[in-house]
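To start, the structure itself, in structure tokens.
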Amino acid sequence: MTKKKTQTFEDDLQRLQEISDLLEKGEIGLEDSINLYEEGIKLSKICYSKLENAELKITELKKQFENGFPDSLSTEE
Amino acid sequence: MNHILSVSELTSSIKNTLEENFGDINLIGEISNFKAHVSGHWYFTLKDSSAQISATMWKGVNSLVFFTPQDGMKVIVRGKITVYPPRGNYQLDVRSMKPAGEGELQAAFEKLKRKLSDEGLFDVKHKKTISKFSNKIGIVTGIGTAALKDMISVAERRFPLAELVIAPARVQGEGSAEQIVASLKMLNNQNDIDLIIIARGGGSLEDLWPFNEEIVARAVFDSRIPVISGVGHEVDFTITDFVADLRAPTPTAAMELATPDKRDIFAFINEFFYYSSNNLTDKINKEKKEIAQILNSYGFKSPQDNVRNKSQFLDNLVFRFQNSVDKKITYDKNRLNLIKGALQSNNIDKILKKGFVLVKQKGNFVTRESNFIKDESFILKFFDNEIIIK
């Protein structure tokens, strides 16, 4: 997979899972815990609203070569 | 001598005889030496246990055959005998072809399955993992089909963050296998498709046959993008199902396998809110308890006690000091009074010793004549004694 700069929904959820596990283990200090918790709440809100407001996108691929010729050629010429 | 025929005359005569008498026949036989030429024409032999005949099926008509014939398959064909004079041979020009029975398709299915299995196309090691979150899902299916509608509504319900990229293909009849292959390749040429679903609703064995074609199976195998197959109903198994990275029993089920459920994600987020804040509260309480314990520990307590002890000691000191000072003051005061008294009496005594007398009336010394009360008894005080005079 290529490295994408933008944080995807999956990345966010994964991070949330990580934070959740870390907090559950309870091995980290209070200050870090609070920071993680704040990060988690932020991520939760982002994920929630992304999913809540999502609308399914549907695109249709056109066959590029119809009868051996590209569509664009036959329509443009 | 009889009339001597030329080869052309004989051949022409044979051609007329054969083509008139066998202009429209039905023939049952087993296919062998099947070849699909690049031109699109089919060349093969039909045979039984003791005879054989060459056959052709031209491009325009063979596209109507829903299956690709295989060697060993028993078929019923309809066509006519033609004679090709330059070669001096006769052959069957096939117009239509169908399997001699459902068993024939089943046999073809088993044969292809064995072949591909032997080649390793079904091996688990080739199966790609299906990501839990696919952002772009390619779909190979018929436009306007119930299967497509079902898949769209499942995606909408479960994971509307996804994008569906539909690569339309005929999924039944003429040329469908080729179209499915083309659509699979088209999706593989896109650079951001995460997953492909190849799907078709339920139907007869004949309807589902494109998914049992070798070219489709190989295209699925060659796909660099993971493929989920969802063809027919639960009971239907196709060759495509065996090659696919994941087999779903139906198109609906395929989309369910391809997408996470929105409700699960919401539940996960809610759980995070609930458990994580609980965890954090627990942590804070634990820390608080620890602090309280430290404050109560001996080490922390002893300085406090020390302070208290010292302050009590100090209070004591102050108290004692104050006490002694007070006592001293009282003592000195008393002494002072005594001395004062002594001093006073000392003064009067000295004067009396010189022979003076003091007159006392009603307990007071009479120091003026005007203070003297006549007819009242008085006391004369000498140095050594007093006399009462009435």
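The numbers here are math on the coordinates, done by the rules we state, and not lab data. The structure displayed is predicted, hence computed values, not measured ones. All Cβ positions, even for glycine, are placed from backbone atoms using ideal geometry, and neighbour counts span all protein chains on display.
A few comments on the model shown:
- Along the axis of the charge dipole computed for the protein assembly as shown (Cβ charges of +1 for Lys and Arg, -1 for Asp and Glu, origin at the Cα centre), the listed residues B:Val38, B:Asn296, B:Gly60 are led at the positive end by B:Asn296.
- About the Cα centre, charge dipole magnitude for the protein assembly as shown (Lys/Arg +1, Asp/Glu -1 at Cβ), debye: 4660
- Estimated vicinal HN-Hα couplings, Hz - the stretch B:336-344 in sequence order (Karplus 6.51, -1.76, 1.60; Gly, Pro = x): 4, 4, 4, 4, 4, x, 5, 4, 4
- Within the stretch B:111-181, the percentage of alpha carbon pairs spaced more than 18 angstrom apart rounds to 58%.
- For chain B, relative contact order (Cα pairs under 8 Å, six or more residues apart, normalised by length) works out to 10 percent.
- Equivalent-ellipsoid semi-axes of the stretch B:7-103, from the Cα gyration tensor, Å, largest first: 24, 15, 12
- The string of couplings for the stretch B:372-388 from the Karplus curve (6.51, -1.76, 1.60, θ = phi - 60°) is 6, 9, 5, 6, 10, 5, 9, 10, 9, 9, 9, 4, 9, 7, 10, 10, 8 Hz, one whole number per residue in order, with x for Gly and Pro.
- Legend: translational diffusion of the stretch B:250-378 by Stokes-Einstein, Rh = Kirkwood radius over C-alpha pairs, 4 °C, 1.567 mPa s; D = 49 µm²/s.
- Translational diffusion of the stretch B:215-287, µm² s⁻¹ [Kirkwood Rh, Cα pairs; Stokes-Einstein; 37 °C; 0.692 mPa s]: 214
- Ellipticity estimate at 222 nm from DSSP helix runs (n ≥ 4, -39,500 (n - 2.57)) divided over chain B, nearest 500: -14500 deg cm²/dmol
- All distinct Cα pairs of chain B go into the 1/r average, and the inverse of that average, the Kirkwood radius, is 32.0 Å.
- Descending principal axes extents, the stretch B:343-390, alpha-carbon based, whole Å: 32, 19, 16
- GNM flexibility winner over chain B from B:Asn337, B:Asn279, B:Asn135 (Cα, springs under 10 Å): B:Asn337
- Neighbours of B:Gly72 by Cβ distance under 13 Å: Lys/Arg scored +1, Asp/Glu scored -1, total 0.
- Gyration tensor over alpha-carbon atoms, the stretch B:315-379, equivalent ellipsoid semi-axes in Å: 45, 15, 7
- Each residue of the protein assembly as shown gets 350 Å³ once the volume of the Cα convex hull is shared out per residue.
- Reach of B:Lys288 by Cα under 26 Å, taken over lysines that are not fewer than 8 positions away in the same chain: A:Lys25, B:Lys301
- Relative to the 2.2 N^0.38 Å rule of thumb, the stretch B:59-163 has a C-alpha radius of gyration ratio of 1.71.
- By average C-beta atoms within 10 angstrom, highest first, the peptides A:44-53, B:367-376, B:350-359: A:44-53, B:350-359, B:367-376
- The orientation-averaged shadow of the Cα convex hull for the stretch B:81-227, equal to a quarter of the hull surface, comes to 12.3 nm².
- Residue-averaged beta-carbon neighbours from other chains (10 angstrom radius) around B:261-273: 4
- Of the residues B:Leu18, B:Ile166, B:Gly88, the one whose Cα sits farthest towards the positive end of the charge dipole of the protein assembly as shown is B:Ile166 (charges of +1 on Lys and Arg Cβ, -1 on Asp and Glu Cβ, taken about the Cα centre).
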